[in-house]
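Presented below is the structure to which this report refers.
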Amino acid sequence: MVCLGNICRSPTAHGVLEKLIQNKGLYKNIEVDSAGTSHYHIGQPPDPRSIAAAELRGYQLHTQIARQLRQSDFQDFDYILAMDRSNLKELQQASPQGCRASIQLLLDYSPDSQDSVPDPYYSGEHGFELVLDLVEAACLKFLAHLEHRLQAAQAEA
Ligand code: 4NP
């Protein structure tokens with residue numbers, strides 16, 4: 001999960017998907033991480049407003065530490081999901097030839113037509129709720145997609 005600062009949107013997506021994976025007992029099969037395209041907040045925990053909003057919905061973000069995207073991410077992960085079009089463009093420009101990861105927008109998995117998770121950093125509380133609404137809906141669909149892939153792989157084995 002990738003955004004600009006790795007303190008608001010991508011840690012939220014990281015925490016939400018991780019919880020959904022735990023609930024399904026799939027934590028041995030699927031690993032989640034998050035990063036920022038910028039260096040602005042390296043080493044910091046998520047924004048306290050993100051932590052608080054997520055906690056009210058049962059997601060724990062406080063143990064996460066912001067990091068910047070690294071070149072090895074393009075080979076280490078099957079998917080790199082951007083929160084908005086600007087993050088997507090940066091990812092596409094930074095991706096090496098023969099990149100393993102499929103680079104997409106998280107909201108490619110959204111049930112509705114919005115394509116980007118708006119940056120809540122300069123918004124009020126409402127912005128953080130909107131992030132959670134969009135991220136929860138998309139992570140449910142993304143996890144369903146991953147489960148299909150896992151089942152297909154297990155059927156082949
Ligand atoms: P994020 O939000 O990309 O969702 O983590 C932001 C956090 C910090 C800044 C911008 C966006 N900033 O400019 O410091």
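The values are calculated or read from the model by the stated rules, or taken from the named source; none is laboratory data. Only a predicted model underlies this, so the values are computations on that prediction, with no experimental measurement involved. Neighbour counts run over all protein chains shown; Cβ positions are idealised from the backbone, glycine included. Quick note on the areas: whole protein, heavy atoms, side chains included, nothing else; ligands and nucleic acids left out. Shrake-Rupley method; radii C 1.70, N 1.55, O 1.52, S 1.80 Å.
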- Note on the structure: Reported set for region 48-65 where residues are open to solvent by less than 20 Å² (accessible area, probe 1.4 Å) and over 15 Å from the mean Cα position of the chain (by Cα) is A53
- Task: State the number of residues belonging to region 123-142 that are open to solvent by 10 Å² or more (accessible area, probe 1.4 Å) and aliphatic (A, V, I, L, M).
- Result: 4
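Every residue, every condition in (1) free of Cβ contacts under 8 Å to residues at least 24 places away in the same chain; (2) under 22 Å from I7 (Cβ atoms); (3) among the aliphatic types (A, V, I, L, M), yes or no:
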residue: N23; (1), (2), (3): yes, no, no
residue: S50; (1), (2), (3): no, yes, no
residue: H62; (1), (2), (3): yes, yes, no
residue: L91; (1), (2), (3): no, yes, yes
residue: S95; (1), (2), (3): yes, no, no
residue: L106; (1), (2), (3): no, yes, yes
- Query: If we keep just the residues of region 85-109 that are assigned to a loop (DSSP other than H, G, I, E, B) and open to solvent by 30 Å² or more (accessible area, probe 1.4 Å), which is nearest to V16 (Cα to Cα)?
  - Reply: R100
- Message: Among the residues in region 3-25, are any open to solvent by less than 40 Å² (accessible area, probe 1.4 Å), part of a loop (DSSP other than H, G, I, E, B), within 28 Å of E147 (Cβ to Cβ) and away from the ligand (no atom under 11 Å from the Cβ)?
- Response: no
- Just wondering, is there one or more residues in region 76-85 that are aromatic (F, W, Y) and under 15 Å from S34 (Cβ atoms)? yes
